[in-house]
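The structure appears below as structure tokens.
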Amino acid sequence: MTWLLAFWRSSIGGKATMAVTGLLLFGFVVAHLLGNLQLLAGPEKLNAYAKMLHDLGPLLWVARIGLLLVFALHVATAIRLSRHNKAARPVAYAREATLQADFASRSMVLSGLSLLVFVVYHLLHFTLGVTNPEHFAKKAQGAGGFDVYSMVTASFANPAIATAYAAFMLVLFLHLKHGIQSLGQTLGFHHGRYTPWLKTLSFLLAAALAGGNAFLALSVQLGIVGGKL
Ligand code: HEM
């Protein structure tokens, strides 16, 4: 156990932890978006999907706890690495590249913390029903207690909620764009020939994931889903 802690504390161990946990969280965001896209297919599809997840029973809880642990490890390692970088920083910047790297890592910490705020809000909103109990109640009222469609469309019919979700997706875009690029570099794609490809790929993946979610958040306002409730 102590060697694992020592590895996590090392610079390479910290980077490896960020890469593995980042990849797992990326996988979650892909899977979650694919599930959320059922919103476009209508209430039956989305509610059947929600029921299928719920019917996983204990397995769902294993996945939830695993996700929480991965998320906590990602945040804790990011905080440790950023403290470590600050402590190791020279008094004056000798090279422009150092300045750029410092700005990028600081903006990653900032966008990451904003995403933490988003996830807490999102859980209070759709999973725990604290922020808008009137929307959360719609979930239990219809479709055998799995009317996630009514809950989500009622929420996104509120322009403030829809705009807040879309704004957070802009933060998700920035975080993913840089995160995917960093992951590529950690995996060794740090070469003159690959760097432009990696930049394009991270831009496209981040735009598809964050854009897809932002589109769903705005879909009711745009009149594509549900109609204003
Ligand atoms: C427009 C975009 C999104 C929609 C419509 C959406 C919808 C939902 C819904 C309906 C639930 C609750 C499911 C239920 O309890 O029945 C949920 C849970 C969750 N969402 Fe989202 N989500 C969106 C974006 C995101 C993003 C971008 C993230 C992460 C960065 C995220 C992370 C989570 C997490 C961690 C849970 C809890 C999972 C669980 O308890 O099983 N969501 N989402």
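No lab work stands behind these numbers, since they all come straight from the coordinates. No experiment lies behind these values; they were computed from the predicted model shown. Ideal geometry is used to build each Cβ from the backbone, glycine not excepted, and the neighbour counts take in all protein chains shown.
Computed quantities for the displayed model
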| read-out | value |
| --- | --- |
| A154 within 12 Å of the ligand (Cβ to nearest atom) and touching a Leu at 6+ places or on another chain (Cβ under 6 Å) | yes |
| Filter pass, F189 being within 30 Å of A19 (Cα to Cα) and not in a helix (DSSP H, G or I) | yes |
| Selection count where residues are without any contact (Cβ under 8 Å) to a residue 24 or more places away in the chain and either surrounded by 15 or more Cβ atoms within 10 Å (Cβ to Cβ) or more than 9 Å from the ligand (Cβ to nearest atom) (or both), scope region 18-34 | 4 |
| Near pairs, Cβ below 8 angstrom, 6+ apart or cross-chain, from region 141-154 (more than 10 Å from E44 (Cα to Cα) and hydroxyl-bearing (S, T, Y)) to any residue that is part of a loop (DSSP other than H, G, I, E, B) and within 11 Å of the ligand (Cβ to nearest atom) | T153/V220; T153/V225 |
| Within region 123-149, tally of residues that are hydroxyl-bearing (S, T, Y), more than 17 Å from D55 (Cα to Cα) and either surrounded by fewer than 17 Cβ atoms within 10 Å (Cβ to Cβ) or over 24 Å from the mean Cα position of the chain (by Cα) (or both) | 1 |
| Among the candidates L201, L174, L205, residue that is in contact (Cβ under 8 Å) with a residue 60 or more places away in the chain, out of contact with any strand residue (DSSP E or B) (no Cβ under 9 Å at 6 or more places or on another chain) and closer than 25 Å to L25 by Cβ | L174 |
| Selection status of G188, without any contact (Cβ under 8 Å) to a residue 12 or more places away in the chain, out of contact with any Gly (no Cβ under 8 Å at 6 or more places or on another chain) and on the phi > 0 side of the Ramachandran plot | yes |
| Qualifying positions in region 187-220 - hydroxyl-bearing (S, T, Y) and surrounded by fewer than 17 Cβ atoms within 10 Å (Cβ to Cβ) | Y194, T195, T200 |
